[in-house]
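Some notes on the structure that comes next.
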Amino acid sequence: NDFVRITSHFTLKYDCVDKTVALWIRIIRQPSTIATLHVGEETTVVIRHQMDTFIIDVNQKKIKFATPRSNIDGWYFISISLTGEMVNVFINFDLISIDYHFTSPAYLTIGGEICSFDLQSVRIFNSTLSENKVKYLFFLGPNFKDLVFDNLSSIKLKEKAFLYATSEGYISSTYSQWSEYAKNIKDCNYYNFGLECSLSPPFLINDIFL
C-alpha cells in the first residue's frame with residue numbers, strides 16, 4: 001500500500017466544474033480540513049472532519065453533516081461532483097447534496113492549515129459521474145491502481161479485478177456490509193469514465209506539485 005501523509009495543503013490546477021473528484025483518505029488527527037473547492041472569486045466548498053463527523057460547508061451559509069457507519073481499515077471514500085446548481089458529496093455511501101449557485105472556475109485544494117490525514121489517491125473525471133459509477137469507484141477499493149496491475153489475473157479479468165469480490169462471486173468480508181450497494185454497477189466500465197487527472201500509487205517525489 002502506498003499513500004502520502006498530508007499535514008499542509010496543495011492545489012490541483014484543474015477546473016472542477018461539471019466534473020467529479022474522487023479521493024481515498026484516512027484520518028490521523030481531528031480536526032482536519034480534507035479538501036476545499038475554491039469556486040469563482042468568493043465561494044468555497046470545504047470538507048473537514050471533526051468529532052468523527054464529516055462537515056460539508058458552502059460559504060458558511062449551507063452546512064451539512066455525515067457520520068459514516070463504517071470504513072475500510074480506517075479509509076474513507078469521498079467523491080465530489082460540482083455543477084452550476086449544486087454540489088453532491090458521497091462519504092462512502094452517505095450522500096450530501098447542497099443546492100447553490102456556483103460559478104467557475106473551481107480549483108481543488110487538498111489539505112488545509114490544520115490537517116493530518118493520509119491520502120491514498122485523487123482522481124478527477126472530465127464529467128459528473130452517475131451514482132452507479134461513483135459506487136463502482138468505491139468498490140474498486142483504496143488500493144486500486146490505474147496503470148499498475150498487481151498480478152496477471154488482474155490483467156486478464158480487467159473490469160472483474162475488484163477488491164470486494166472475485167469473478168466467481170465470492171465477497172470479501174471487508175465489503176460484505178456494503179454488498180447491497182453493488183447492484184446495477186456491473187455494466188460500468190472504469191476505462192470509459194473519462195479520467196482527466198490521477199494522483200495515485202506508485203507515488204513519485206514530485207507528484208503533488210502538479
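Tyr14's amide H: which non-local residues (gap 5+, or another chain) put their own amide H closer than 5 Å, with H modeled 1.01 Å from N in plane and none for Pro or chain starts?
Leu108
Using the structure shown, list the pairs from Lys19/Lys62; Lys13/Lys62; Lys62/Lys186 with a Cα-Cα distance above 29 Å, or answer none. If you can, show how the numbers build up before the last one.
Values: Lys19/Lys62 21 Å; Lys13/Lys62 26 Å; Lys62/Lys186 35 Å.
Distance filter (> 29 Å) returns Lys62/Lys186.
Of Arg5, Arg123, which has the most accessible area and how do the rest follow, probe 1.4 Å? It would help to have the intermediate numbers written out before the result.
Numbers: Arg5 125, Arg123 15 Å².
Sorted by accessible area, descending: Arg5, Arg123.
Could you derive backbone 3J(HN,Hα) for segment 11-22 from the dihedral phi with the Karplus parameters 6.51, -1.76 and 1.60 (θ = phi - 60°), listing whole Hz in sequence and x where the residue is Gly or Pro?
10, 8, 8, 9, 6, 9, 5, 6, 9, 10, 10, 10
Contact order normalised by length for segment 1-70, with contacts defined as Cα pairs under 8 Å and 6 or more residues apart; what percent is it? Can you show the working numbers first?
Details: 71 pairs, mean separation 12.2, N = 70.
Normalised by residue count, the contact order of segment 1-70 is 17 percent.
Below 8 Å, C-alpha to C-alpha, sequence gap of six or more: please give me the relative contact order for segment 45-124 in percent.
Relative contact order comes out at 17 percent.
For Tyr191, Tyr100, what's the largest-to-smallest order of accessible area, 1.4 Å probe?
The ordering from most to least exposed comes out as Tyr191, Tyr100.
Describe numerically, in nm with one decimal, the distance between label points set 7 Å from Cα along Cα→Cβ at Asp52 and at Thr11.
Distance between the two pseudo-spin positions: 3.6 nm.
Report the FRET efficiency, 1/(1 + (r/R0)^6), for Tyr190 and Asp99, where r is their Cβ-Cβ distance and R0 is 41 Å, rounded to 0.05. Show your work: numbers first, answer last.
Working: r = 29 Å, r/R0 = 0.72.
The pair Tyr190/Asp99 has a calculated efficiency of 0.90.
The values are calculated or read from the model by the stated rules, or taken from the named source; none is laboratory data. Not measured: the values here are computed from a predicted model. Backbone-built Cβ (ideal geometry, glycine too); neighbour counts: all protein chains shown. Just the protein is used for accessible areas: all its heavy atoms, side chains included, with ligands, DNA and RNA removed. Shrake-Rupley method; radii C 1.70, N 1.55, O 1.52, S 1.80 Å.
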